[in-house]
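Colleague: Here you go, one structure.
The values are calculated or read from the model by the stated rules, or taken from the named source; none is laboratory data. For clarity, every value in this text was computed on a predicted model and none was experimentally measured. Cβ coordinates were reconstructed from backbone atoms using ideal geometry, including for glycine residues, and neighbour counts include every protein chain displayed. The accessibility values were calculated without ligands, DNA or RNA, using every heavy atom of the protein model including side chains. Shrake-Rupley method; radii C 1.70, N 1.55, O 1.52, S 1.80 Å.
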Amino acid sequence: MIKLIISGACGKMGQRIITNAVHTMSVKVVGAVEHPHHPQLGQDIGLVLGLGNALNVRITDTLDKIIHAGDVLIEFTNPETTLDHLGVAVYAKKPMVIGTTGFSTTQLNELRNLGQQIPCVFSPNMSLGVNLLFKLVEQTAKTLGAEFDIEIVESHHRGKKDAPSGTANKLADIAAQALGRTLSEVAVFGRKGITGERTKEEIGIHAVRGGDMVGEHTVYFCGIGERIELTHRASSRDTFALGAIRAAKFIVDKPAGIYDMLDVLGLRK
């Protein structure tokens, strides 16, 4: 039985991870972490989420007091909290699954340095379909080459705090690398005003926010007289929750280092 600690337990993703974990064999939720001012601290997470019965897991704001009770920490919070908790996991030598997005370049460097010290799955998107999309975008970019313009449009719910999404950034980076480009040099985030003609090298990335959209990503490969669109639409957060649980099962007993969902899903070839 793999014992899970969920950070961001009452958030949109945390709730779905815990709900799905209750119905998944071979895993058990033993810890639930929230921010210090959360109104339901001290309450049983099973009752808070309306699961029908208590899980005997109290919501806490102090990870270091419960980290040793779990086998894997699953983190869907914010960059600052994630880096703090990563430090706790490294100190306790516990594997970690990170689905947090919105990291700055400096924060990503810190994450990668710390994450190398423990077994760590870090992915902006944990669905099977999106990770297949990563592979398809790489293959399509390599096949079509520089003659096709690449534009990425992502859509999420009104409450999402970072833009563009981590998945959109990952898709853009994959396309850029496939074409021998550096994303930081060619990325264009939205357009306004007299921008001039589009350059052949640039990769456009655009964010839409509204309603309760779970997540949609489309990569456009636009040529002369034809266009290819690769789209992934998520209709439920359970897709990502189940991926996170699968990642937790994968990372137990792995050597220290940073893995992603291509490793988890066996798509890295």
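Colleague: For SER236 paired with GLU110, estimate the spin-label separation in nm (one decimal), with each label point 7 Å from Cα along the Cα-to-Cβ line.
Modeller: So the two model labels end up 3.7 nm from each other.
Colleague: Something else now. Normalised by the number of residues in the chain, what is the relative contact order in percent for Cα pairs under 8 Å and 6+ residues apart?
Modeller: The value is 21 percent.
Colleague: A follow-up question, please. Please compute the per residue accessible area over the chain with all protein chains in place, 1.4 Å probe, rounded to a whole number of Å².
Modeller: Numbers: 13450 Å² over 269 residues.
The answer is 50 Å² per residue.
Colleague: Multiply the residue separation of GLN177 and LEU47 by 0.36 nm, subtract the distance between their alpha-carbon atoms, and state the gained length in nm to one decimal.
Modeller: On the way: separation 130, 0.36 × 130 = 46.80 nm, distance 4.67 nm.
Using 0.36 nm per residue and subtracting the Cα-Cα distance, I get 42.1 nm.
Colleague: Cα-Cα over 23 Å: which of LYS135/LYS170; LYS93/LYS254; LYS142/LYS200; LYS170/LYS200; LYS28/LYS135; LYS3/LYS170?
Modeller: LYS28/LYS135; LYS3/LYS170, as the Cα separations exceed 23 Å there.
Colleague: Right, next: Note down the Stokes-Einstein diffusion coefficient of the stretch 3-122 in µm²/s, whole number, using a Kirkwood radius over alpha carbon pairs, 20 °C, and 1.002 mPa s. Intermediate results must be reported in sequence, preceding the final value.
Modeller: Values: Rh = 14.3 Å.
D = 150 µm²/s.
Colleague: Once the piece of chain linking MET1 and ASP253 is laid out straight, how much longer is it, given 0.36 nm per residue of separation minus the C-alpha distance between them?
Modeller: Extra length from MET1 to ASP253 when fully extended: 89.4 nm.
Colleague: Take the stretch 129-234, compute every pairwise Cα distance, and split them into 10 Å bins from 0; I just need the percent in each bin.
Modeller: Calculated over all Cα pairs of the stretch 129-234, the distribution is 15, 48, 31, 6 percent.
Colleague: Taking every pair of alpha-carbon atoms in the stretch 53-123, what share in percent sits in each 10 Å bin, from 0 to the bin with the longest distance?
Modeller: Bin by bin from 0 Å, the calculated values are 19, 54, 21, 5, 0.
Colleague: Past the 14 angstrom mark, what percentage of all C-alpha to C-alpha distances in the stretch 201-266 do you count?
Modeller: 73 percent
Colleague: Taking a probe of 1.4 angstrom, what is the accessible area of ARG58 in Å², to the nearest 10?
Modeller: 150 Å²
Colleague: Another one. At a 1.4 Å probe radius, carbon and sulfur cover how many percent of the accessible area of the stretch 84-182?
Modeller: Here it works out to 48 percent.
Colleague: Ok, one more. What percentage of all Cα-Cα pairs in the stretch 1-50 are separated by more than 18 Å?
Modeller: On the way: 271 of 1225 pairs.
For the stretch 1-50, the fraction of Cα-Cα distances above 18 Å is 22 percent.
Colleague: Which one, [x] 19.5; [y] 24.5; [z] 18.9, gives Kirkwood radius over Cα pairs in Å as derived from the coordinates shown?
Modeller: From the options [x] 19.5; [y] 24.5; [z] 18.9, the structure gives [x].
Colleague: Among VAL48, VAL130, HIS23, which residue has its Cα furthest toward the positive end of the charge dipole of the chain, with +1 on Lys/Arg Cβ and -1 on Asp/Glu Cβ?
Modeller: Final value for the positive-end residue is HIS23.
Colleague: Would you mind computing, in nm to one decimal, how far apart the modelled labels at GLN40 and LYS142 are, each placed 7 Å from Cα along Cα→Cβ?
Modeller: Result: 4.6 nm between the two label points.
Colleague: Here is a follow-up. Put one equal scatterer on each alpha carbon of the stretch 181-231, apply the Debye formula with no solvent term, and list log10 I(q)/I(0) at q = 0.29, 0.32 1/Å to two decimals.
Modeller: After summing over all Cα pairs, the log10 values are -1.24, -1.26.
Colleague: Can you give me the convex hull volume of the Cα atoms of the stretch 53-179, divided per residue and expressed in Å³?
Modeller: Hull volume over Cα atoms, normalised by residue count, gives 147 Å³.
Colleague: If you don't mind, another one. Could you give the length gained on full extension between LYS161 and TYR91, defined as 0.36 nm per residue of separation minus the Cα-Cα distance, in nm? Please report the intermediate quantities before stating the final value.
Modeller: On the way: separation 70, 0.36 × 70 = 25.20 nm, distance 2.93 nm.
Gain on stretching LYS161 to TYR91: 22.3 nm.
Colleague: Starting from the residue with the highest accessible area, list TYR220, TYR91 in decreasing order, probe 1.4 Å.
Modeller: Details: TYR220 60, TYR91 195 Å².
Of TYR220, TYR91, the descending order of accessible area is TYR91, TYR220.
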